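Report on the structure given below.
The values are calculated or read from the model by the stated rules, or taken from the named source; none is laboratory data. Keep in mind that what you see is a predicted model, and the values were worked out from it rather than measured. Cβ placement follows ideal geometry from the backbone for every residue including glycine, while neighbour counts extend to all protein chains displayed. Please note that ligands, DNA and RNA were not included when accessible areas were found on the heavy atoms of the full protein model with its side chains. Shrake-Rupley method; radii C 1.70, N 1.55, O 1.52, S 1.80 Å.
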Amino acid sequence: MTLTIEPTGAGLGARVRGVDLRDLSDADFTRLHRAWLDHQVLVFEDQDLSVEDQMGFASRLGPLERVRTAADHAVAGGAAMYVANRRVDGKEGVLPEGEMLFHTDQCYYEEPCQATLLYAIEVPAVGGDTLFADAYGAFATLDRELRDRLWGLRALNVYDYAGNPTGAGGAGAGGEPDPDAPRAVHPVVIRHPVTGRPALYVNRLMTVRLLDTDPDESAALLGRLFDHQEQDRFVYHHRWRPGDLVLWDNRCVLHARTAFDPAARRILRRVTVRGERPVAAAPAPS
Ligand code: OGA
Ligand code: MN
């Protein structure tokens with residue numbers, strides 16, 4: 001098999017062909033790792049992966065992150081779980097239904113995961129697609145004046161699914177999030193620890209407010225940033241097929257999910273790779 005990497009043609013992402021993730025040479029892994037840093041999202045089709053296979057591939061990127069928020073949903077010793085609307089292996093799935101707004105995984109923890117790997121087992125005929133948005137591109141295309149306003153600002157991110165039917169702790173939700181919900185403050189513009197590139201690190205689902213600004217400016221700025229970062233030009237729209245494994249970089253990619261019929265079975269398996277505390281980006285010297 002010859003490994004090929006073909007850009008999706010959308011704002012980000014590439015399709016990888018000619019590879020079996022159960023049996024990946026070090027040389028091929030090195031190529032994939034480079035391609036992942038370049039394209040931010042990699043799509044592998046027609047994979048046949050057990051949970052151990054999926055964890056094995058993920059752990060080549062770094063130590064696996066334990067399931068933290070939904071620990072009782074974890075399988076395989078704590079590092080995997082099902083995003084599913086059916087029970088799998090005796091476990092309830094998480095995020096079983098509905099649309100999900102754009103977000104990055106675990107931004108409400110001090111140390112969010114660097115990578116998420118989602119593997120499709122059963123998917124609806126229509127809907128339940130996952131959208132991926134380029135957070136480097138979003139930052140780079142902001143007006144100069146707005147970019148200059150953002151350097152050094154921090155944002156509060158909260159995970160409050162229970163308290164809001166849209167699953168949001170975000171600014172659009174109105175009201176105050178649950179005081180016990182997991183939360184973390186992170187820079188609005190982060191520096192990717194490997195590529196060094198600046199990325200816009202706020203999202204409509206979980207970013208509640210900007211610190212270091214008054215509430216009116218916070219709401220106005222966040223509204224502008226959310227609308228900007230979700231434009232189609234930054235998005236790759238993934239329609240799942242069983243056997244797809246998608247790997248994305250939470251340090252420079254947002255993702256969202258489209259609605260689907262709750263009667264249709266949707267079962268995906270998720271593994272995440274531990275990350276570092278996000279660091280603020282600084283303007284390039286001029
Ligand atoms: C996730 C997630 C989207 C989906 O697992 O973090 O956001 O399409 N999933 O189910
Ligand atoms: Mn997610």
**Message:** For a quick check of your reading of the model, give me the residue pairs whose first member lies in the range 239-267 and is at positive phi, whose second is crowded, with 22+ Cβ neighbours inside 10 Å, with beta-carbon atoms closer than 7 Å and at least 6 apart or on different chains.
**Reply:** Gly243/Ala120
**Asked** Would a scan of the range 257-265 turn up a residue that is of a type in the set (D, E, K, R), over 30 Å from Phe57 (Cβ atoms), outside any helix (DSSP H, G or I) and in contact with a Ser or Thr (Cβ under 7 Å, 6 or more places away or on another chain)?
**Response** no
**Message:** Against the condition within 13 Å of ligand 1 (Cβ to nearest atom) and at pLDDT below 95, how does Gly175 come out, does it pass?
**Reply:** no
**Fill in**
Leu254: passes all of (1) farther than 19 Å from Thr104 by Cα; (2) touching a strand residue (DSSP E or B) at 6+ places or on another chain (Cβ under 8 Å); (3) not in a loop (DSSP other than H, G, I, E, B) but (1)
**Prompt:** Restricting the search to the range 124-153, which residues are buried (at least 21 other Cβ atoms within 10 Å of the Cβ) and farther than 26 Å from Gly275 by Cα?
**Reply:** Gly128
**Prompt:** Out of the residues in the range 252-277 that are in contact with a helix residue (DSSP H, G or I) (Cβ under 8 Å, 6 or more places away or on another chain) and over 19 Å from Met81 (Cβ atoms), which is farthest from ligand 1 (Cβ to nearest atom)?
**Reply:** Cys252
**Fill in**
If we ask which residues in the range 97-106 are of a type in the set (A, V, I, L, M, F, W, C) and either away from ligand 1 (no atom under 12 Å from the Cβ) or open to solvent by less than 40 Å² (accessible area, probe 1.4 Å) (or both), their number turns out to be 2
**Output for the range 178-195, where each listed residue is crowded, with 16+ Cβ neighbours inside 10 Å and at pLDDT 95 or above** = Arg183, Ala184, His186, Pro187, Val188, Val189, Ile190, Arg191, His192
**Message:** For the range 1-39, which positions are among the polar types (S, T, N, Q) and touching a residue at least 12 places away in the same chain (Cβ under 8 Å)?
**Reply:** Thr2, Thr4, Thr8
**Complete:** For the range 70-84, pairs from a residue that is aliphatic (A, V, I, L, M) to a residue that is open to solvent by less than 20 Å² (accessible area, probe 1.4 Å) and away from ligand 1 (no atom under 15 Å from the Cβ), with Cβ under 8 Å and 6 or more apart or across chains, are Ala71/Gly78
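Residues checked against (1) of a type in the set (A, V, I, L, M); (2) not in a loop (DSSP other than H, G, I, E, B):
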position: Glu6; (1), (2): no, yes
position: Leu21; (1), (2): yes, no
position: Leu24; (1), (2): yes, no
position: Ala27; (1), (2): yes, yes
position: Arg34; (1), (2): no, yes
position: Gln54; (1), (2): no, yes
position: Phe57; (1), (2): no, yes
position: Val67; (1), (2): yes, no
position: Met81; (1), (2): yes, yes
**Complete:** Residue count, the range 113-133, condition assigned to a loop (DSSP other than H, G, I, E, B), over 30 Å from Pro193 (Cβ atoms) and not aliphatic (A, V, I, L, M), comes to 2
**Fill in**
Checked pairs for the range 92-111, first without any contact (Cβ under 8 Å) to a residue 12 or more places away in the chain and outside any strand (DSSP E or B), second more than 10 Å from ligand 1 (Cβ to nearest atom) and open to solvent by 20 Å² or more (accessible area, probe 1.4 Å), C-beta under 6 Å and 6 or more apart or across chains, list as none
**Item:** Residues of the range 113-123 satisfying the condition of being within 11 Å of ligand 2 (Cβ to nearest atom) and open to solvent by less than 10 Å² (accessible area, probe 1.4 Å)
**Value:** Cys113, Thr116
**Message:** So for the range 107-122 (the condition being of a type in the set (Phe, Trp, Tyr) and within 10 Å of ligand 1 (Cβ to nearest atom)), does at least one residue qualify?
**Reply:** no
**Prompt:** Before we move on, is Thr166 of a type in the set (Ser, Thr, Tyr) and at pLDDT 90 or above?
**Reply:** no
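Each row is one residue, and each column tells you yes or no for (1) under 13 Å from Arg270 (Cα atoms); (2) in contact with a strand residue (DSSP E or B) (Cβ under 6 Å, 6 or more places away or on another chain).
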position	(1), (2)
Thr8	no, yes
Ser25	no, no
Leu32	no, no
Ala35	no, yes
Leu49	yes, yes
Val75	yes, yes
Met81	yes, yes
